[in-house]
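Beneath this line is the structure, given in C-alpha cells, with notes to follow.
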Amino acid sequence: MLAKRIIPCLDVADGRVVKGVNFVDLKDAGDPVELGERYYLEGADELVFLDITATVEKRKTVIDWVRRVADTIFIPFTVGGGISSLEAISNLLRAGADKVSLNSAAVRNPQLIREAAAAFGSQCIVIAVDAKRSGNQWKVFTGGGRFETERDALEWIEEAENLGAGEILLTSMDRDGTQVGYDLVLLKEVADRTRIPVIASGGAGSPEHLLSALREGEADAVLAASIFHYERYSIAEVKEFLSKEGVVVRQ
Amino acid sequence: MIVVVDYRAGNLYNVGNALKHLKADFSFSGDPGVVAKADKVILPGVGSARAAMTSLATQGLCDVIRGLKVPFLGICLGLQLLFERSEEDDTECLGILPGTIRRFDSELTKVPQIGWNQVAWRKEGLLDPFAGQIVSGIPEASYFYFVHSYYAPSNNGSTIGTTVYGEEYSSAVVSGNFLGLQFHPERSGEVGLELLRRFVVC
C-alpha cells in the first residue's frame, strides 16, 4: 500500500540554509547538502528546498548546490522559489532535481503549467499554493506571501490540476509558523476536489498535527520544517508515532 | 562498461548519480553502435511512451535493444517500453514482452501514483538465474519510490514482483536477460542502491 510521505523543508538563501536550523553536530549547519544528507539518512521520504534568494543574479548559484544535493541523496527532492521559465525548469531537472515547484509565475501565467507538464511530464511539476482565509473562502497569495491576488485558492487548485500539475503543495498562510496545527478545513476542502496528491504545509508543531493532516485532512504527504530542524522530534520518532496510529509509513 | 541509454529521458542524470556513487564503470550513450557493444544496458525513462518510442526509433535504437543478449535493466517507463503496446497515446512499444500497458483507473485511485510502495517478490523471480541475483534477499517489507500513471498488468508470464495501487499490478518483470522495475531504484534510498549495486556486479 502507498505510504504517506514525511517531507522536511529547507529554506535556502544565497546557497545557505537560513531558517530554523539548530543541529548541534554538523560541521556546517547552513549547508543544504549536509542538511539534506542528514535528513536522507534519518529516513525522510522526500526533501523540499525552497530558494528564497532575493536577487536574480545570486540565484544562479542554485544549480551548484542542487547538483551537489543530487550527488549525495538518493530520494526524490523538489526545488522551488523564483522559477518562471521552461529553461529554468530544464536546468534544475538536468542538475538532478526530481521535481520543481512553481508558485507566483504559475499564477501570473497559468499556461506555464501546461507547457512545463507537456515538456517534462506532470510528475515533476508541483504547484505551490499559498492560501489565506478571507471571509468564507481562501485567497491565493504570491511573492512568498506578500501579494494578495483575486484568485480563489480552491478554484486555482482545480485549474492547476486541469492544466497538468502533478502535485499540490498547499500552505496555509494563517497557520504557517504558528505551530498550532495544519488548517484541516482547507485540506479537506482541497482533498474533496482534487485527484492529484496534496502535500500539507503550514502549522506543524507536533506529530499529532501530522496525523490530523493525514487523517482528517486526507493529505497524501506532510511538509514540516521547525519540528525537525530544532530536533524536537526525529523523523524516526514521528514515523513510529504515525505507524502506531495506523498510518502506513515507510520505516 | 554499463551503457545508460541516452534518449533525453528525465531521470538519466540521477541514474548516473547513483552509478557514480556505486563507483560503477558507466557511460551515457544514444549511439546504437555503443549500446550494441555494452556489457550491460540500463534504459531509464520518465515521460510519455509515445515520445520515448519516437526518440528510440529516430536514434535507431529499437532493434539494437531488442537484440541485446547482455544484462538489461529497464527503469519505470523503461519497463513499460519492453511490452507490446501502451494505452498511453496507443503506442506500439518494443514488444520484447507480451501484453499491453494500462492506465490506472482514476475512479479507483489518484493518478499518478507518487510515493513509496512495497513489492511482493514472487518465487519465479527469486529463482530466476538473472533476476534472482538482483532481488533475492531484499526484505519483503522494503519500500520503493514510484511515480507513474500507467502500469503492466499482473497476469503476464514475466511478472516477478507485484504492487497494489487500487489494483495489483506488475512492479518487476523478467524475461531472459531483460529485467524491468517500475519503481526508481536510484530514488529509493539505500535499498534501491543495493538493487543497483547487484545489477552492477551481476
Just give me the residues in the range A:201-213 being at pLDDT 95 or above and either within 14 Å of chain B (Cβ to nearest Cβ) or in contact with a Gly (Cβ under 6 Å, 6 or more places away or on another chain) (or both), in sequence order.
-> A:His209
Of all residues making up the range A:209-251, the number that are open to solvent by 10 Å² or more (accessible area, probe 1.4 Å), at negative phi, of a type in the set (D, E, K, R) and in contact (Cβ under 8 Å) with a residue 12 or more places away in the chain = 6
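Table: residues versus (1) under 14 Å from the mean Cα position of the chain (by Cα); (2) assigned to a helix (DSSP H, G or I).
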| position | (1), (2) |
| --- | --- |
| A:Ser84 | no, no |
| A:Ala97 | yes, no |
| A:Arg114 | no, yes |
| A:Ala128 | yes, no |
| A:Phe141 | no, no |
| A:Gly144 | yes, no |
Of the residues in the range A:151-174, those that are among the hydrophobic types (A, V, I, L, M, F, W, C), outside any helix (DSSP H, G or I) and away from chain B (no Cβ under 13 Å) come to A:Leu170, A:Met173
Going by the structure shown, is B:Ala24 in contact with a strand residue (DSSP E or B) (Cβ under 9 Å, 6 or more places away or on another chain), under 25 Å from B:Phe144 (Cα atoms) and outside any loop (DSSP other than H, G, I, E, B)?
-> no
Of all residues in the range B:75-99, how many are outside any helix (DSSP H, G or I), touching a Pro at 6+ places or on another chain (Cβ under 8 Å) and either under 17 Å from B:Pro44 (Cα atoms) or open to solvent by less than 40 Å² (accessible area, probe 1.4 Å) (or both)?
-> 4
Residue satisfying all of: in the range B:163-173; buried (at least 22 other Cβ atoms within 10 Å of the Cβ) and more than 11 Å from chain A (Cβ to nearest Cβ); farthest from B:Cys76 (Cα to Cα) among these = B:Tyr169
Examine the range A:44-55 for a residue that is among the small types (Gly, Ala, Ser), open to solvent by less than 50 Å² (accessible area, probe 1.4 Å) and not in a strand (DSSP E or B), and state whether such a residue exists.
-> yes
Scan the range B:174-187 and give yes if some residue there is in a strand (DSSP E or B) and either surrounded by fewer than 23 Cβ atoms within 10 Å (Cβ to Cβ) or at positive phi (or both), otherwise no.
-> yes
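The values are calculated or read from the model by the stated rules, or taken from the named source; none is laboratory data. The shown structure was predicted, so the numbers you read here are calculated from the model rather than taken from an experiment. Neighbour counts are summed over all protein chains in view; Cβ atoms, including those assigned to glycine, are modelled from backbone coordinates with ideal geometry. Calculation scope for accessible area: heavy atoms of the full protein, side chains included, ligands and nucleic acids excluded. Shrake-Rupley method; radii C 1.70, N 1.55, O 1.52, S 1.80 Å.
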